[in-house]
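Trainee: Pasting a structure here, questions to come.
The values are calculated or read from the model by the stated rules, or taken from the named source; none is laboratory data. Source: prediction; values computed, not measured. Cβ sites come from the backbone with ideal geometry, for glycine too, and all protein chains shown count toward neighbours. What goes into the accessible areas is simple: the full protein's heavy atoms, side chains included, and nothing from ligands, DNA or RNA. Shrake-Rupley method; radii C 1.70, N 1.55, O 1.52, S 1.80 Å.
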Amino acid sequence: PEGLGQFGLFLWLLIFAILTRAAMTLYHVPHIALGAELSEDFDERTTIVAFRQFFSTFGALVAYVVGFAVFFYASSDYPRGQFRVAAYSPFALTLAFLMVGSILYSALGTRKHIPYLPQPRGKIEQVNATRAVIRMGVEMKEALGNRSFAWLFSGVLVVFMMVGVDGALNLHMNTYFWELNSKDNIAFFAATPLGIMAGSFVAKSLTQRFDKKPSVVFGTAWWAACQIVPVVLRLFGWFPENGTDELLYTLVAVKFVQGVGVVQALITFGSMVADIVDEHELNTGKRQEGIFFASVSFSGKFTTGVGNVVGGVALDLISWPRGTAIQTAADVPLDTLMWLGLVYGPIVSGFAVVSLYCYSKHRLDRHRHAEIVRELAQRREGDAATAA
């Protein structure tokens, strides 16, 4: 809206961002929790998450392609199409229709599985809003009390923060550090989703051979390395020059390979949380897919938001110039460009070491999960016999 000052615009954006994320959560949390309910098999869960990740990434790819090919294409008036302000509203409306359609298709397509999903044990408690909030806090505490989940959760918090910074600074890097045009951006932003979709097909094989913890460690370390290496090579003068085909091909190749690697962590993480749900049920007698995946969903939103804030603060700290006139690398001091690359690459991505340390503390492997499933089956048989 026009006529708003900086604070008014901030409030407008804040309110609608909260409403959008709240509405999305009503669908997203049950959607990802459903993956843990569809199967208890250690490897089949990886397959389920792999399918979900594949189509989720395909949707992101569609958004990028539609955005840069249809709405933000380069022209004589806008050599860099992302500065075409009038295109943002129709772009958002187009994505809204695509999102609603895909969500309805997914929800209707899984209805037939409802009769076969795990059912809550004992009497279902009816609670008011106040008691529901209190119970949610208690269940969150119980979930974080699970050692496997606590370490896994801590590790992914750092990852989501890094991803938030990456998302906040991507266009800055492409526009000013690498000096890519709109056509180049299509290839750049499509490379990682294509890599993720390609890597989705090998995730199950890797977890079957190496187990899940090595896969999530490898994926996280691989993502960080692909984030750091190009920037470091450029700063040492060992990377293709801006404006060359070699630069674009190299960046696209790096982003594709980064996608192939990082998807191993993304898929394996979702599968590991599903396994933790079984461990939690064995320890507490409660089946709580929702609370675990809600925690993951919340952490993703919160830390990605923090990452955006960190990215914005970082731009202030390196004295990034402001204004619509700042459209090329020539408008930015050389030292500031160097610091932009350092923040985007080594400084932020270096925190992956913290994630790897947290993942190393995870102890729920294939053999322990098989024991848990057997014990749960015996307990359920005993409950069924008692009820009969």
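Trainee: Among the candidates 46, 20, which residue alone is polar (S, T, N, Q), closer than 22 Å to residue 275 by Cα and in a helix (DSSP H, G or I)? Steps first, answer last, please.
Mentor: Working: 20 fails: closer than 22 Å to residue 275 by Cα.
After applying the criteria, what remains is 46.
Trainee: Collect the residues in segment 347-388 that are open to solvent by less than 60 Å² (accessible area, probe 1.4 Å) and among the polar types (S, T, N, Q), keeping them in residue-number order.
Mentor: 349, 355, 360
Trainee: Then there's this: Hey, could you check segment 282-325 for residues that are of a type in the set (Val, Ile, Thr) and surrounded by 15 or more Cβ atoms within 10 Å (Cβ to Cβ) and say which is farthest from residue 21 (Cα to Cα)?
Mentor: Result: 318.
Trainee: Any residue at all in segment 109-125 that's touching a residue at least 24 places away in the same chain (Cβ under 8 Å), under 30 Å from residue 376 (Cβ atoms), open to solvent by less than 40 Å² (accessible area, probe 1.4 Å) and part of a helix (DSSP H, G or I)?
Mentor: no
Trainee: While we're looking at this one, here's another question. Among the numbered criteria (1) at pLDDT below 85; (2) hydrophobic (A, V, I, L, M, F, W, C); (3) within 22 Å of the chain's Cα centre (by Cα), which one does residue 228 miss?
Mentor: (1)
Trainee: I've got another one for you. Is it the case that some residue within segment 180-188 is without any contact (Cβ under 8 Å) to a residue 24 or more places away in the chain and more than 25 Å from residue 318 (Cα to Cα)?
Mentor: No, the conditions are met nowhere in segment 180-188.
Trainee: Can you find, within segment 51-64, the residue that is farthest from the chain's Cα centre (by Cα) among those that are open to solvent by 60 Å² or more (accessible area, probe 1.4 Å) and within 16 Å of residue 255 (Cα to Cα)?
Mentor: 64
Trainee: Another question, if that's okay. Could you look through segment 228-244, keep only residues that are open to solvent by less than 40 Å² (accessible area, probe 1.4 Å) and either part of a helix (DSSP H, G or I) or small (Gly, Ala, Ser) (or both), and pick out the one that is nearest to residue 341 (Cα to Cα)?
Mentor: 231
Trainee: Does at least one position in segment 32-42 carry a residue that is outside any loop (DSSP other than H, G, I, E, B), more than 24 Å from residue 262 (Cα to Cα) and of a type outside the set (Phe, Trp, Tyr)?
Mentor: Among the residues of segment 32-42, at least one is outside any loop (DSSP other than H, G, I, E, B), more than 24 Å from residue 262 (Cα to Cα) and of a type outside the set (Phe, Trp, Tyr), which makes the answer yes.
Trainee: Follow-up. Might you check whether a residue that is part of a loop (DSSP other than H, G, I, E, B), at negative phi and either of a type in the set (A, V, I, L, M) or buried (at least 22 other Cβ atoms within 10 Å of the Cβ) (or both) occurs anywhere in segment 172-182?
Mentor: Yes, some residue in segment 172-182 is part of a loop (DSSP other than H, G, I, E, B), at negative phi and either of a type in the set (A, V, I, L, M) or buried (at least 22 other Cβ atoms within 10 Å of the Cβ) (or both).
Trainee: Okay, moving on. Which of the residues belonging to segment 70-90 are in a helix (DSSP H, G or I) and more than 9 Å from residue 182 (Cβ to Cβ)?
Mentor: The answer is 70, 71, 83, 85, 86, 87, 88, 89, 90.
Trainee: Also, I was wondering about something else. Give the number of residues within segment 1-17 that are of a type in the set (Gly, Ala, Ser) and either open to solvent by 70 Å² or more (accessible area, probe 1.4 Å) or not in a helix (DSSP H, G or I) (or both).
Mentor: 2
Trainee: Only one of 277, 273, 263 is buried (at least 22 other Cβ atoms within 10 Å of the Cβ), among the hydrophobic types (A, V, I, L, M, F, W, C) and within 18 Å of residue 138 (Cβ to Cβ); which? Break it down into steps so the answer makes sense when it comes.
Mentor: On the way: 273 fails: within 18 Å of residue 138 (Cβ to Cβ); 263 fails: within 18 Å of residue 138 (Cβ to Cβ).
Exactly one of 277, 273, 263 is buried (at least 22 other Cβ atoms within 10 Å of the Cβ), among the hydrophobic types (A, V, I, L, M, F, W, C) and within 18 Å of residue 138 (Cβ to Cβ), namely 277.
Trainee: Collect the residues in segment 310-327 that are in contact with a Gly (Cβ under 8 Å, 6 or more places away or on another chain) and either within 25 Å of residue 369 (Cβ to Cβ) or of a type in the set (A, V, I, L, M) (or both), keeping them in residue-number order.
Mentor: Scanning segment 310-327 gives a single hit, 310.
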